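Here is the structure we will look at.
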């Protein structure tokens, strides 16, 4: 991972007008218009998938095939999380309140605090891959810069030392950690509507546990929960990790205009429509960061415009296939942990 250092005196000035020109092209192409039909179909499809998963769970009852059902629920919950993400960025509707209704409803299904996540995610968008200001690269269990690795102590230092090998196993706990962080935020009243969020989270936890333990015997119920949470954690982690991990890290005094800050720290994942569906449109990470409120189905159309714009201005535009993106992430994690693997002098 490259660390971008502060610009030297006399270097090229910031060029904020570049983004204004790109934004005009995007607006003229109609790519910021809402796609109500797309989201109506998407929400209906997700609800149908959830109903099918519930039906499968009820019909199978006391069966080891329920572990497959747990995988299905993990996929469905993650698709709901993607739509909650879109609502948080106001991609679904123009009014904030309408998006919030969608966001809270989807958060009730996934068991993650909507407002806590929106607040954290907005900080990430404002300062992507910034060593001090991006919460997504300030994770206790991992290090994304050498300085972060050297600052680790105890168990965290041991994990960072071999973090490339532990990365995917650790992702199994991602969904659980999101829920724990959500509960903490609500209990500390760090969200806008703690009573509403608390009620939704409580209903999710009680309803989820009651359903699992009423339908399944204890052992299968526990295994169902383990598989469901682990697969959902890996799925979520594999959706977000390729977007910025292994890309340049910004430091305190770095000065970049909005366009370059978003493009240089992001990576697109290629692969066509199946990747788009699998990753919830997050494979167009560069376009999403430049235009967070752009509806998901418009991102692929914006990609050509943004790519051509960056090429004409000599701005590095990073994209690769899924396997290459994960390899780059693991390679960088291994590099960052290298100082911890050196013998003590």
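Table for the structure above
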item: For 270, 145, 69, 44, order by how many other beta-carbon atoms lie within 10 Å, fewest first; result: 44, 270, 145, 69
item: Extension gain, residue 203 back to residue 45 (0.36 nm per residue minus Cα-Cα distance, nm); result: 54.6 nm
item: Estimated distance in nm for a label pair at residue 320 and residue 304, the labels positioned 7 Å out from Cα along Cα-to-Cβ; result: 2.6 nm
item: Cα gyration tensor category, rounded, prolate or oblate, for the range 244-333 with a/c compared to 1.5; result: oblate
item: Cα-based Kirkwood hydrodynamic radius, the chain, one decimal, Å; result: 21.5 Å
item: Candidates 271, 154, 111, ranked by Gaussian network fluctuation over the chain, Cα under 10 Å, top entry; result: 154
item: Max mean-square fluctuation residue, GNM over the chain, Cα-Cα springs under 10 Å, options 161, 261, 220; result: 220
item: Length added when fully stretched, residue 226-residue 27, from 0.36 nm per residue minus Cα-Cα; result: 67.1 nm
item: FRET efficiency estimate (nearest 0.05) - Cβ-Cβ, residue 188 to residue 146, R0 30 angstrom; result: 0.40
item: Span from the the range 90-147 Cα centroid across to the the range 283-345 one, whole angstrom; result: 18 Å
item: The range 13-339 - percent relative contact order, Cα under 8 Å, separation 6 or more; result: 25 percent
item: Inter-probe distance in nm under a simple model that places probes 7 Å from Cα toward Cβ, at residue 293 and residue 341; result: 4.6 nm
item: Calculated diffusion of the range 144-201, Stokes-Einstein form, Kirkwood radius summed over Cα pairs, 20 °C and 1.002 mPa s, µm²/s; result: 157 µm²/s
item: Cα gyration tensor shape of the range 157-305, rounded if a/c is under 1.5, else prolate or oblate by comparing a/b with b/c; result: prolate
item: Fluctuation leader among 247, 232, 177 - the chain, Gaussian network, Cα springs under 10 angstrom; result: 177
item: Label-point separation in nm, residue 94 to residue 58, each point 7 Å along Cα→Cβ; result: 4.0 nm
item: Sum of -39500 (n - 2.57) over DSSP H runs of 4+, divided by residues of the chain (222 nm, nearest 500); result: -21500 deg cm²/dmol
item: Hydrodynamic radius by Kirkwood, which averages 1/r over all alpha carbon pairs of the range 97-165, in angstrom; result: 14.0 Å
item: Cα-based shape type of the range 31-116, given that a ≥ b ≥ c are square roots of the gyration tensor eigenvalues and the cut on a/c is 1.5; result: prolate
item: Residue order, fewest to most beta carbons within 10 Å, for 215, 277, 231; result: 277, 215, 231
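Since every read-out is calculated from the coordinates, none of them should be taken as a lab result. In this text the structure is predicted, and so the values were computed from the model without any measurement. Using ideal geometry, Cβ is built from the backbone for each residue, glycine included, and neighbour counts are taken over all protein chains shown.
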